[in-house]
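So the structure is just underneath, and the comments pick up after that.
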Amino acid sequence: MKAVRVPSADAARLELATLDIPAVRPGTVRVRVGACGICHSDAFTVHNAWPGIDFPRVPGHEIAGTIDAVGEGVSGWKVGDRVGVGWHGGHCGVCDRCRRGDFLTCRALQVPGMAYDGGYAEYVVVPAVALARVPDALTDAEAAPLMCAGVTTYNALRHSPAHPGDVVAILGVGGLGHLGVQFAAKMGFETVAIARGAEKAAFAKELGAHHYLDSRTHDVAAELQKLGGAKVVLATVTAADAMLPVLGGLGFDGQLLIVGASMEPLAVPTAPMIGGRHSIKAWPSGTNVDSEETMRFAVLHGVRAMIETMPLERASEAYDRMMSGAARFRMVLTR
C-alpha cells in the first residue's frame, strides 16, 4: 500500500513509501482509508514533539473510510461499515480515568499517528473501541475533519455554561473557528465572530455570525460588553497574547474556553476575574461517540468544514499548505 510517513525521529519531513498492508489483530479492524484530514497537531509527529512516538510513523488522526477486515473478538462491526477515527484512537480501560468512564483523558490514550500508524495511508488498523459510525449523508472527505476539528469545537461548546440566547464569541475564524461559528449559531447562541481584518466580516456572517468584530480596529472587550458580556469566548487561535484582550469582554460568570493549543504562557489579570467570577477552561477533542454526535448534528443543521483536497501522494505539499496557513480552511488527503 501507499503511505506517507515520518522516516525518523529527527527527520522533520514526510516521505512517500510503499508498505505492506497491515494485518488485522484481535480487538481491531482494518479500515480502507477514503480520506484523512490534516490537523495542526500532526506537527507533533512530524517534529517528534510528543512523548513516546516510535519511528518511522505514519501521521493522521482525522480518518474516514470503510472497514475491510475485522479482527478476532470484535463485535458490532462488519466489513463494509463506514467509520471514522479521531484523536481518541483507543484507551487502556484500566487506569483511574477509564474506570470513571472518561476515556478521552485515559492515562495511556492512543492517538492515531502517534501511538500507532495513522491515516496518511491507504489502510490503517485501529482498535474497534475507537470507531465512530459515519452517516451516509457525509462523504469521507466531509467526515474526516469533523473527527478532530469538528468534534473539538462542537464538544467544547455543548459542554460550556452557555445556553441558547447567550452571547458566545468565537475568537478566530480559521480551521477551528469557522466550524465554531457554525456550531454556535446553530446551537442558538447570539454568535460573535472575532478575527483580524474587515474583509472577513461578510464571510463570518455567511457562516452564521450575528456580529463581527475586527480585532485590529475594535476594542473587542468593550464591544462584547455592549452586548451584555460574553457568556463564553471560544478561543480557537494558537497565540496566547491574542486571547488576553477578550477577557475584559466576559460577562458575569463568563468563561474563556480554550481549544487552540499554544505553548506560550497566558498572562491573566486576576483582580477583574475575581470581580466577574470569570473562569478559564480548556477542552480537548472527544470520544468516538462524541464524534458520532458531532456528525449527526452537522448533518441535521448543515454544518460543514471548508476543505481543500489533495491525493495522498501530495501529502507533503498538503501538510505544508495547512501549516503555513495558506489552506482555507482544512486540508484533506483523498485516495
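The values are calculated or read from the model by the stated rules, or taken from the named source; none is laboratory data. Because the structure is a prediction, the values reported are computed rather than measured. Here Cβ is always computed from backbone atoms with ideal geometry, including for glycine, and neighbour counts include all displayed protein chains.
Taking the condition small (Gly, Ala, Ser) and over 19 Å from Ala141 (Cα atoms), does Ala69 pass? Yes. Filtering the stretch 287-305 to residues that are over 15 Å from Leu179 (Cα atoms) and either among the small types (Gly, Ala, Ser) or touching a helix residue (DSSP H, G or I) at 6+ places or on another chain (Cβ under 7 Å) (or both) leaves Thr287, Asn288, Asp290. When each of Glu122, Glu199, Glu190 is tested for being in contact with a Lys or Arg (Cβ under 6 Å, 6 or more places away or on another chain) and not small (Gly, Ala, Ser), the lone residue that passes is Glu122. Counting the residues of the stretch 119-146 that are among the β-branched types (Val, Ile, Thr) and touching an Asp or Glu at 6+ places or on another chain (Cβ under 7 Å) gives 1. If you check Gly84 against the conditions, is it closer than 22 Å to Thr152 by Cα, at pLDDT 95 or above and among the small types (Gly, Ala, Ser)? Considered against the rule, which asks whether it is closer than 22 Å to Thr152 by Cα, at pLDDT 95 or above and among the small types (Gly, Ala, Ser), Gly84 comes out as yes. Scanning the stretch 274-299 for residues that are surrounded by fewer than 17 Cβ atoms within 10 Å (Cβ to Cβ) and more than 22 Å from Val332 (Cβ to Cβ) yields a count of 9. Quick check on Gly89: is it outside any strand (DSSP E or B) and crowded, with 19+ Cβ neighbours inside 10 Å? Judged against the criteria, Gly89 is a match.
Suppose we keep only residues that are under 22 Å from Gly172 (Cα atoms) and hydroxyl-bearing (Ser, Thr, Tyr) within the stretch 235-290. Which one would you say is modelled with the lowest pLDDT? Only one residue fits best here, namely Ser262. Glu293 meets each of the listed conditions (1) touching a strand residue (DSSP E or B) at 6+ places or on another chain (Cβ under 8 Å); (2) within 19 Å of Glu62 (Cα to Cα) apart from (1). Of the candidates Asp54, Asp68, the single residue that is on the phi < 0 side of the Ramachandran plot, free of Cβ contacts under 8 Å to residues at least 24 places away in the same chain and assigned by TED's automatic domain parsing to the domain that holds Leu109 is Asp54. Looking across the stretch 238-258 at every residue that is surrounded by fewer than 24 Cβ atoms within 10 Å (Cβ to Cβ) and under 20 Å from Gly286 (Cβ atoms), the one that is farthest from the chain's Cα centre (by Cα) is identified as Gln255. Inspection of the stretch 262-272 finds a residue satisfying the criterion of being under 20 Å from the mean Cα position of the chain (by Cα) and either surrounded by 14 or more Cβ atoms within 10 Å (Cβ to Cβ) or touching a residue at least 40 places away in the same chain (Cβ under 8 Å) (or both).
For the stretch 2-19, filtering for residues that are within 21 Å of Gln110 (Cβ to Cβ) and out of contact with any Pro (no Cβ under 7 Å at 6 or more places or on another chain) leaves 4.
Consider the stretch 300-318 and keep the residues that are in contact with a Ser or Thr (Cβ under 8 Å, 6 or more places away or on another chain) and surrounded by 14 or more Cβ atoms within 10 Å (Cβ to Cβ). The one that is nearest to Val129 (Cα to Cα) is Leu312. Looking at the stretch 176-207, which of its residues are buried (at least 20 other Cβ atoms within 10 Å of the Cβ), of a type in the set (Gly, Ala, Ser) and touching a Ser or Thr at 6+ places or on another chain (Cβ under 8 Å)? Once the filter is applied, which keeps residues that are buried (at least 20 other Cβ atoms within 10 Å of the Cβ), of a type in the set (Gly, Ala, Ser) and touching a Ser or Thr at 6+ places or on another chain (Cβ under 8 Å), the stretch 176-207 yields Gly177, Gly180, Ala184, Ala185, Ala195. Total residues in the stretch 143-186 satisfying the condition of being among the charged types (D, E, K, R) and over 25 Å from Phe103 (Cβ atoms): the figure is 2.
Restricting attention to the stretch 92-108, the residues that are part of a loop (DSSP other than H, G, I, E, B) and in contact with a helix residue (DSSP H, G or I) (Cβ under 7 Å, 6 or more places away or on another chain) add up to 3.
Scanning the stretch 168-186 for residues that are among the hydrophobic types (A, V, I, L, M, F, W, C) and assigned to a helix (DSSP H, G or I) yields Leu179, Val181, Phe183, Ala184, Ala185.
Yes or no, residue by residue, for (1) buried (at least 23 other Cβ atoms within 10 Å of the Cβ); (2) more than 25 Å from Leu19 (Cα to Cα):
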{"site": "Ala128", "(1), (2)": "no, no"}
{"site": "Val134", "(1), (2)": "yes, yes"}
{"site": "Leu138", "(1), (2)": "no, yes"}
{"site": "Thr153", "(1), (2)": "yes, yes"}
{"site": "Arg158", "(1), (2)": "no, yes"}
